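The values are calculated or read from the model by the stated rules, or taken from the named source; none is laboratory data. This one's a predicted model, so the numbers in the text were calculated from it and none came from an experiment. Virtual Cβ from ideal backbone geometry, glycine too; neighbours counted across all protein chains shown.
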Amino acid sequence: MAKKYYAIIDVGSNTMRLVVYLRDKGGRLREIENVKAVARLRNHLQDDGYLSEEGIRTLLTTLNSFKEVAGSYELEEMVCVATATIRQAVNQEDIIKKVSDHSGFDMRILSEHEEAYYGYLAVVNSTPVTEGVTVDIGGGSTEVTYFKDRKLVESHSFPFGALTLKQDFFKKDLPKEDEMSNLRHYLLSQFNTLPWLQEKKVPLIGIGGGARNLVQIDQNLKEYPLAGLHQYKMKDSDLSFIKNYLFTLSMKKLQKVEGLSKDRADIILPATEVFHSLYDAVQSSGFILSRKGLRDGVFYEQLTRDMGTSVFPNVLEESIQELVTDYDLSIKQIHHVQHLAHELFFQLHEKGLGSLRKKDWKEVKRASYVFNLGDYIDSESSSQHTFYLLANRTIDGLMHMERLRLALLASFKNKTVFKQFLQPYKSWFLKEERKKLRLLGALLKFCYSLDSTRRQIVQDIHVATHDGELHITLYCKDEWMPEEYQCEKQKKHLEKSLKRNIELSFVERKEGSSAN
C-alpha cells in the first residue's frame with residue numbers, strides 16, 4: 001500500500017513551521033518531519049499596520065525553503081495557514097498574492113475563532129480532559145476556549161502574545177520586578193473581562209511552544225524519569241517556582257536553561273506570566289500540556305469530514321486500537337483473555353479476596369489489550385520491551401501516571417521484575433497501591449497463560465474457597481495439557497499476591513453445561 005503523506009505550514013507571529021505527517025494503517029496521522037524557522041514576523045508589523053517589505057521577504061524565503069523540504073514527499077494534501085500577524089496586517093491581500101506567486105501556496109488566514117477552535121479540537125481529540133480551559137500563546141495573540149462534555153462552549157482571542165507583551169511591558173530583554181507586576185495586573189484585568197473564565201476550577205490546558213518549554217524546564221529540574229511531554233500535569237506551585245527561578249537568571253544563563261529553546265529565552269517570562277495569571281483567574285485544578293495544537297486541529301477536521309463530527313467518540317479507544325494494529329496483536333486472543341480475566345476478577349471480588357474494587361477492572365481490561373506487546377520485538381525480553389514501550393510512548397487519552405500503571409500491568413512477569421520496573425517511580429505510589437498493581441498484573445498474566453496456545457481451550461472459570469485455599473476449576477473444550485503446564489507454572493505469582501494456595505482442576509466442558 002502506497003504511503004500517504006500530508007503537510008501543513010503554520011505561519012505564526014514568532015515561528016513558522018512545516019510539519020509532514022504519515023497516515024498510518026488505522027487512519028491516524030503520525031508526525032515524521034518538523035521544520036522550524038524563527039521568523040518573528042511580528043517584529044516586522046509596522047505602526048501603520050503594514051507588514052514591512054523585509055517581513056514579506058523573510059516570509060517568502062522561509063516558505064520557499066519549506067517548499068524544497070516538502071518536495072521530497074509525494075503529498076496527498078498541503079495546507080498553509082497563517083495567524084495573528086498576517087491577520088492583523090493591513091496589506092494581507094498583497095501578502096497572499098505574493099505568497100501564491102512566489103511559492104504556489106494558497107495561504108489561508110485563520111480568523112480568531114478558527115484559531116481558538118482548532119486548538120480546542122486538538123485537545124479534545126488527544127487528551128482525556130472532558131471539561132477545561134485551553135490557552136495558546138502565540139507571538140501576537142492569545143487564544144482561550146472553555147469546553148464542557150468535550151463540546152466547545154466559549155472562545156476568545158486576546159490581541160496580545162509573548163512578543164507583544166515583551167515589547168509593551170519590558171524596556172529591555174529581561175524585566176524588572178515592577179514590570180512583571182504591571183504585566184500581571186494587566187493580564188488579570190484582561191482575563192476578568194470574560195465572566196466565563198472566572199473560578200471555573202477546571203484543568204488549564206496549555207498549547208504551543210511556550211507551554212512546551214515550561215514543561216521541559218519543569219521535567220529537567222525534577223529529573224523526571226518518564227519520557228514524553230503530552231498530557232504532563234503541573235501544579236500552581238510548579239508554575240510559581242519556575243517563574244521565580246527564571247526571573248533570577250541573567251540572559252546568558254536563561255539561554256542555557258535545560259528545556260528552554262534559546263530563541264524563546266527573551267519571551268519565556270511573559271508567556272509564563274500568562275499561564276500563571278490565567279491559572280489564578282480560572283482557579284484551575286492543574287496545568288496540563290497538550291503537544292497537539294492548531295496544526296493537529298486543522299487535520300483532525302480534514303480527517304473527520306465524512307464522520308459528521310470532528311470530535312472522536314473515544315480518544316483512548318483510538319489509541320489502544322493503534323497499539324493493537326502497530327504491534328500486530330490478536331483481537332481474538334485479547335477478547336478471549338478478557339472474558340477469562342473478567343470471570344476470575346469478579347469471582348475473587350465477590351469473595352472479598354485481594355481488596356479488589358469494581359473500578360480496578362477497568363485497568364485490567366485496558367492492560368489486557370496490550371499485555372506482553374514487547375513480544376513483537378523479542379520474545380526472550382518481551383517484558384522489558386513491553387514496559388519500556390508503554391511507559392515511554394505517548395498514548396493519547398492517558399495521563400502520565402495512568403500510562404505508567406498500564407505499563408506495569410501489561411509487562412508483569414514476576415515480583416522481582418515488577419519491583420525493578422517500579423523502582424524509579426516507587427515514591428509515586430503508596431505501599432497498598434504497589435501491592436494492588438502486582439496482584440492485577442499477576443491475575444492478567446495467569447489468564448494469558450490459560451490461552452498460551454491461542455486455541456481458546458479454557459472456556460470458563462469457577463472459583464471456590466475451602467480451608468483457606470482457592471480451588472479454581474477450568475472448563476475446557478479440548479485437550480488442555482499445554483495450558484495446564486503453563487498455568488501450574490504461573491499460578492505462584494497469583495498465590496503470592498493473594499497469600500493463598502491455589503489448586504487447579506482442568507475438566508472437560510460438556511455441551512450446554514455452565515461453569516457455575
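Taking helices (runs of 4 or more DSSP H) that do not extend beyond segment 314-424, which have at least 1 residues that are over 22 Å from the mean Cα position of the chain (by Cα) and surrounded by 16 or more Cβ atoms within 10 Å (Cβ to Cβ)?
The qualifying helices (runs of 4 or more DSSP H) are 331-350, 360-370, 382-392, 415-422.
Which of the residues spanning segment 13-38 are outside any strand (DSSP E or B) and either free of Cβ contacts under 8 Å to residues at least 40 places away in the same chain or in contact with a Lys or Arg (Cβ under 9 Å, 6 or more places away or on another chain) (or both)?
Within segment 13-38, 13, 14, 15, 24, 38 meet the criteria.
If the requirement is being out of contact with any helix residue (DSSP H, G or I) (no Cβ under 7 Å at 6 or more places or on another chain), crowded, with 16+ Cβ neighbours inside 10 Å, on the phi > 0 side of the Ramachandran plot and at pLDDT 95 or above, which of these qualifies: 286, 228?
One residue alone meets the criteria, 286.
Do you know which residues across segment 443-496 are of a type in the set (Gly, Ala, Ser) and not in a helix (DSSP H, G or I)?
452, 464, 468
Only one of these conditions is not met by residue 284: (1) in contact with a strand residue (DSSP E or B) (Cβ under 8 Å, 6 or more places away or on another chain); (2) of a type in the set (Gly, Ala, Ser); (3) not in a loop (DSSP other than H, G, I, E, B). Which number is it?
Exception for residue 284: condition (3).
Do we find that residue 72 is within 21 Å of residue 157 (Cα to Cα), surrounded by fewer than 19 Cβ atoms within 10 Å (Cβ to Cβ) and not acidic (Asp, Glu) in this structure?
Judged against the criteria, residue 72 is not a match.
Restricting to segment 428-443, and then to whatever is within 23 Å of the chain's Cα centre (by Cα) and more than 16 Å from residue 361 (Cα to Cα), can you tell me which residue is surrounded by the most Cβ atoms within 10 Å (Cβ to Cβ)?
In this case the residue turns out to be 429.
Can you tell me which residues in segment 93-105 are in contact (Cβ under 8 Å) with a residue 24 or more places away in the chain and either among the polar types (S, T, N, Q) or outside the structural domain of residue 66 (by TED's automatic domain parsing) (or both)?
103, the sole residue that qualifies.
Condition first: surrounded by fewer than 16 Cβ atoms within 10 Å (Cβ to Cβ) and under 37 Å from the mean Cα position of the chain (by Cα). Now tell me which residues in segment 484-494 satisfy that.
Answer for segment 484-494, where residues must be surrounded by fewer than 16 Cβ atoms within 10 Å (Cβ to Cβ) and under 37 Å from the mean Cα position of the chain (by Cα): just 492.
Quick one: residue 172 ticks every box in (1) under 25 Å from residue 9 (Cβ atoms); (2) outside any strand (DSSP E or B) except a single one, so which number is it?
With (1) under 25 Å from residue 9 (Cβ atoms); (2) outside any strand (DSSP E or B) applied to residue 172, the lone miss is (1).
Rundown of residues vs (1) farther than 13 Å from residue 272 by Cα; (2) surrounded by 15 or more Cβ atoms within 10 Å (Cβ to Cβ), yes/no style:
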| residue | (1), (2) |
| --- | --- |
| 147 | yes, yes |
| 159 | yes, no |
| 162 | no, yes |
| 172 | yes, no |
| 213 | no, yes |
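Kindly provide the set of residues from segment 8-36 that are over 22 Å from residue 326 (Cα atoms), touching a Phe, Trp or Tyr at 6+ places or on another chain (Cβ under 8 Å) and either surrounded by fewer than 21 Cβ atoms within 10 Å (Cβ to Cβ) or of a type in the set (Ser, Thr, Tyr) (or both), ordered by number.
35
For (1) out of contact with any strand residue (DSSP E or B) (no Cβ under 7 Å at 6 or more places or on another chain); (2) under 26 Å from residue 451 (Cα atoms), each residue gets a yes or a no:
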position: 288; (1), (2): no, no
position: 291; (1), (2): yes, no
position: 295; (1), (2): no, no
position: 298; (1), (2): no, no
position: 305; (1), (2): yes, no
position: 315; (1), (2): yes, no
position: 318; (1), (2): yes, yes
position: 324; (1), (2): yes, yes
position: 329; (1), (2): yes, yes
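Regarding segment 209-226, can at least one residue be identified that is farther than 30 Å from residue 403 by Cβ, part of a helix (DSSP H, G or I) and charged (D, E, K, R)?
No; the residues of segment 209-226 include none that is farther than 30 Å from residue 403 by Cβ, part of a helix (DSSP H, G or I) and charged (D, E, K, R).
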